[in-house]
Amino acid sequence: MVFSSLTFIFCFLPIVLGIYFIVPFKFKNLVLFIASMLFYIFGEPKYAILMIISIASTYIHGILMEKYEKHAKKFMISSIAISIGLLMFFKYTDFFILNINSIFNIDIGLLKLALPIGISFYTFQMISYIIDVYRKEAKAQKSFLKLATYVALFPQLVAGPIVRYTTIEKELDDRTHSFENFSNGVRRFVIGLSKKILIANVLGDCINKFGLSDEKSVLFYWIYAIATTLQIYFDFSGYSDMAIGLGKMLGFKFPENFNYPYIAKSVTDFWRRWHMTLSSCFRDYVYIPLGGNRVSKLKWFRNILVVWFLTGFWHGAAWNFILWGLLYGILLIIEKVGLLKILEKIPSFISRIYLLLVVMIGFVLFSGESMSQIIQNLGGLIGIGNIPLISTESIFYLKNYASIFIIGFIAATPVVKNICIKLKEKAPKLINILEPVVLT
């Protein structure tokens, strides 16, 4: 079940909200946990027990860490090993088998396991919880129901943002419900839904048309690359907006995940704006424990590459994800040793063009189904492969999707937001009338 589906919007969500607001507060976590498990079962019933086992393991280890402080580190390592072990088995086993078969020219059979929905996200959340308990930044949760509600909470289960336990620890015990929060949540959900349905899905259609075409041209490859770059942003940020909106409806305040990343002037700035919850987790739980930048230059560069290797691998069990992560790691190192100072001095439109080209190439790499296809797509951008510069088909699709590209370019910047803020200041009554109409 996805947030943009009719089943979710017109059946699941109204029923859950109705029950949630009817029951006394002491039963609200129970309602959310049951709803979250039903949400998960709807999409992947056979792996619901896996999530329960993972939560139980994390819950027990957290209790043991606090009770037996002398052995806290052992319990922390044990818990992390179990969580990562399950993630590696279900998500990465076939990847390793394929590479072993290729290297040693053997034929080990693939397991062909279905990937448990949201396993990357809830594994990261459980690891962050157990580390925070070990560091004494959070107390071990004594209620299994509350911990399970945190991990399984359906608004952020499938696509984030990654919500740390410390962020909503107090809200699991006591959260505020109000008409204002609920209306703000609905507003944010509708904005995210619009990003997903009106922009991302239309751009996805353009990408599919490119994939089915036998008449590629340089222009068509650029249309594909731009559509992919915009589609990934509006799809992912749309889901994050919907999750944050759902959280507000239920009394939770989830962290922001995107801050107009395409207006960044460097890769460094881009990753302060893109999937911010993931970046902060890797910073706090991998980069800083490795020594961060408070080590020799070689170790510092190693730390950056380790973080970005893991970032890429976390996104998927394929070499293109790893290469995508390492590409950013290398670019961040280059910026830190001097390029960043140059980017700060040159005109901002040049630095923005640099960033957008890097991101676009990165997402062509990220979204490729095979290395041969990725090489072909990247080569097509510069005319490799004896292809025409422009074709009748590419002109046709450019005209068909020009309006959604323009809307995407504008919506990816804070222009509309800034206009709305100014209008609220100068003509609040007008905004109060127009906003419900526009959102509807």
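The values are calculated or read from the model by the stated rules, or taken from the named source; none is laboratory data. Quantities reported herein were computed from a predicted structural model and do not represent experimental measurements. Neighbour counts are summed over all protein chains in view; Cβ atoms, including those assigned to glycine, are modelled from backbone coordinates with ideal geometry. Heads up: the accessible areas ignore ligands, DNA and RNA and are worked out on the full protein's heavy atoms, side chains in. Shrake-Rupley method; radii C 1.70, N 1.55, O 1.52, S 1.80 Å.
Points worth noting:
- Any chance G379 is touching a Leu at 6+ places or on another chain (Cβ under 7 Å), without any contact (Cβ under 8 Å) to a residue 40 or more places away in the chain and within 20 Å of V218 (Cα to Cα): no
- First in region 307-326 and among the hydrophobic types (A, V, I, L, M, F, W, C), second anywhere and surrounded by fewer than 19 Cβ atoms within 10 Å (Cβ to Cβ) and in a loop (DSSP other than H, G, I, E, B), Cβ under 8 Å, 6 or more apart: V307/L290
- Condition broken by V306, with the remaining ones in (1) of a type in the set (A, V, I, L, M); (2) open to solvent by less than 50 Å² (accessible area, probe 1.4 Å); (3) over 22 Å from I375 (Cα atoms) satisfied: (2)
- Selection of first residues in region 1-19 that are within 18 Å of I197 (Cβ to Cβ) and of second residues that are open to solvent by 30 Å² or more (accessible area, probe 1.4 Å) and assigned to a loop (DSSP other than H, G, I, E, B), restricted to Cβ pairs under 8 Å at least 6 apart or on distinct chains, gives the following pairs, ordered by first then second residue: V2/V158; T7/M1; F8/M1; F8/V2; F12/M1.
- Restricting the first member to region 348-376 and to residues that are more than 20 Å from G204 (Cα to Cα) and hydrophobic (A, V, I, L, M, F, W, C), and the second to residues that are open to solvent by 70 Å² or more (accessible area, probe 1.4 Å) and not in a loop (DSSP other than H, G, I, E, B), the beta-carbon pairs closer than 8 Å and six or more apart or on different chains are M371/W319.
- Residue in region 95-104 that is touching a Lys or Arg at 6+ places or on another chain (Cβ under 8 Å), at pLDDT below 95, at negative phi and surrounded by 12 or more Cβ atoms within 10 Å (Cβ to Cβ) present: no
- Test: residue in region 57-66 that is at pLDDT below 95, among the charged types (D, E, K, R), part of a helix (DSSP H, G or I) and at negative phi: yes
- Leading residue by the ranking (farthest from the chain's Cα centre (by Cα)) among those in region 373-408 that are closer than 22 Å to I199 by Cα and of a type in the set (A, V, I, L, M): I395
- Picking from residues in region 396-430 that are assigned to a loop (DSSP other than H, G, I, E, B) and of a type in the set (A, V, I, L, M, F, W, C), the one that is most open to solvent (accessible area, probe 1.4 Å) is A427.
- Qualifying residue in region 100-108 (condition: touching a residue at least 12 places away in the same chain (Cβ under 8 Å) and touching a helix residue (DSSP H, G or I) at 6+ places or on another chain (Cβ under 6 Å)): no
- Breaking point among (1) β-branched (V, I, T); (2) more than 30 Å from I117 (Cα to Cα); (3) open to solvent by less than 20 Å² (accessible area, probe 1.4 Å), for I263: (3)
- Residue within region 70-80 that is surrounded by fewer than 12 Cβ atoms within 10 Å (Cβ to Cβ) and free of Cβ contacts under 8 Å to residues at least 60 places away in the same chain present: yes
- Region 285-299, subset part of a helix (DSSP H, G or I) and touching a residue at least 12 places away in the same chain (Cβ under 8 Å), residue surrounded by the most Cβ atoms within 10 Å (Cβ to Cβ): Y287
- Picking from residues in region 349-372 that are of a type in the set (G, A, S) and outside any helix (DSSP H, G or I), the one that is nearest to the chain's Cα centre (by Cα) is G368.
- Leading residue by the ranking (farthest from I119 (Cα to Cα)) among those in region 130-181 that are open to solvent by 10 Å² or more (accessible area, probe 1.4 Å) and among the aromatic types (F, W, Y): F179
One line per residue, one yes/no per condition, for (1) in a helix (DSSP H, G or I); (2) in contact (Cβ under 8 Å) with a residue 12 or more places away in the chain; (3) among the aliphatic types (A, V, I, L, M):
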{"site": "F220", "(1), (2), (3)": "yes, yes, no"}
{"site": "Y224", "(1), (2), (3)": "yes, yes, no"}
{"site": "L230", "(1), (2), (3)": "yes, yes, yes"}
{"site": "Y233", "(1), (2), (3)": "yes, yes, no"}
{"site": "L246", "(1), (2), (3)": "yes, yes, yes"}
{"site": "F258", "(1), (2), (3)": "no, yes, no"}
{"site": "K265", "(1), (2), (3)": "no, yes, no"}
{"site": "W274", "(1), (2), (3)": "no, yes, no"}
{"site": "F282", "(1), (2), (3)": "yes, yes, no"}
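- Residues that are farther than 25 Å from K28 by Cα, in a helix (DSSP H, G or I) and not hydroxyl-bearing (S, T, Y) do occur in region 102-125.
- Entry remark, region 131-165: residues being farther than 18 Å from I80 by Cα and of a type in the set (S, T, Y) number 2 in total.
- Near pairs, Cβ below 8 angstrom, 6+ apart or cross-chain, from region 167-188 (closer than 17 Å to A148 by Cα and in contact (Cβ under 8 Å) with a residue 40 or more places away in the chain) to any residue that is of a type outside the set (F, W, Y) and in a helix (DSSP H, G or I): L172/N29; L172/K146; L172/T149
- Test: residue in region 330-339 that is more than 15 Å from D269 (Cβ to Cβ), assigned to a helix (DSSP H, G or I), in contact with a Phe, Trp or Tyr (Cβ under 7 Å, 6 or more places away or on another chain) and open to solvent by less than 30 Å² (accessible area, probe 1.4 Å): yes
- Looking across region 8-28, the residues that are open to solvent by less than 60 Å² (accessible area, probe 1.4 Å) and either within 26 Å of G238 (Cα to Cα) or part of a loop (DSSP other than H, G, I, E, B) (or both) come down to F8, I9, F12, L13, V16, L17, G18, Y20, V23.
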